[in-house]
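Nothing in this text is a laboratory measurement; each read-out follows from the coordinates by a stated rule. A quick note: this is a predicted structure, and the numbers were derived from the prediction, not measured. With ideal geometry, Cβ positions are generated from the backbone for all residues, glycine too; neighbour counts draw on all protein chains shown.
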Amino acid sequence: MTVAVTWLTPDEAGQEPYWPTCPVETDALAKLLEVARTQCEAFAPALADGADVPENYRLAQARQAQNAYRAGQVDTGGSYGVDDVQVTVFPLDWHVKALLRPPTTPVVG
């Protein structure tokens, strides 16, 4: 019997290749993952009922959770981190979108 592949759990999200350096505790991470899941589901092609969640969706969920976390770390002056680095976070950045809807190359023939 195979186990269904689902959206990321906090335990899975803290592992490679997702977010092994995650600085938040489990409850906060669960909330970030839920928000990221909702955003990814709204953008990604719909999955059939009961279908496994593809690995690219799970990775996109982790990246979007990271983006949401980082957005909360930017101060009101727009800086992030220790070196006054400016960070702009978009609702779904190009990397997350590409994971959910990989670009296609047109075939001419």
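Structure values in brief
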| item | result |
| --- | --- |
| Rough spin-label spacing in nm, given labels placed 7 Å along Cα→Cβ, for residue 27 and residue 101 | 3.7 |
| Karplus 3J(HN,Hα) series, Hz, for region 21-31 with 6.51 cos²θ - 1.76 cosθ + 1.60 (x for Gly, Pro) | 9, 4, x, 10, 6, 4, 5, 5, 5, 4, 5 |
| Table column - 3J(HN,Hα) (Hz), region 96-104, Karplus curve with 6.51, -1.76, 1.60, x for Gly and Pro | 5, 4, 5, 5, 7, 9, x, x, 10 |
| Residue 53 long-range amide H proximity, modeled H, under 5 Å | 5, 6 |
| Karplus-derived HN-Hα couplings along region 9-17 (A = 6.51, B = -1.76, C = 1.60, θ = phi - 60°), whole Hz, x at Gly and Pro | 9, x, 5, 5, 5, x, 10, 5, x |
| Around residue 41: net Lys/Arg minus Asp/Glu count, Cβ-Cβ under 15 Å | +2 |
| Cβ-defined net charge surrounding residue 68, 14 Å radius [Lys, Arg +1; Asp, Glu -1] | +2 |
